[in-house]
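Shown next, in structure tokens, is the structure this report addresses.
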């Protein structure tokens, strides 16, 4: 599905011992903040993501970072222009992905 130029993907895994398949949503976005995800935007992002029950990860440079951890986000060294993939899995995964996209597209108020 494409919305406002952003591709949203749902991935399902049905190989889990014949149990009901696990699904997740993900999308790839470009960081627009001039200073990247430094302390202030990383803190805002982690705090907002912590409000969701879903597992939320940022995939960057082959590493999967816990999006609910400000230290993990900062340690990722995500700079302006970096492409990241957001992965959300859980009962409120779509709401979490939508909020994450909203924050990134807003530039965190910078």
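The values are calculated or read from the model by the stated rules, or taken from the named source; none is laboratory data. What you see is a predicted model, and the numbers here were worked out from it, not measured in a lab. Here the Cβ positions follow ideal geometry from the backbone for every residue, glycine too, while neighbour counts run over all protein chains shown.
Here is how the numbers come out for the structure above:
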item: Those residues of region 56-68 which are out of contact with any helix residue (DSSP H, G or I) (no Cβ under 6 Å at 6 or more places or on another chain) and either closer than 18 Å to residue 108 by Cα or surrounded by 16 or more Cβ atoms within 10 Å (Cβ to Cβ) (or both), in sequence order; result: 57, 58, 59, 60
item: Selection status of residue 36, at pLDDT 55 or above and on the phi > 0 side of the Ramachandran plot; result: yes
item: Residues within region 45-55 that are without any contact (Cβ under 8 Å) to a residue 40 or more places away in the chain and closer than 18 Å to residue 107 by Cα, tallied; result: 2
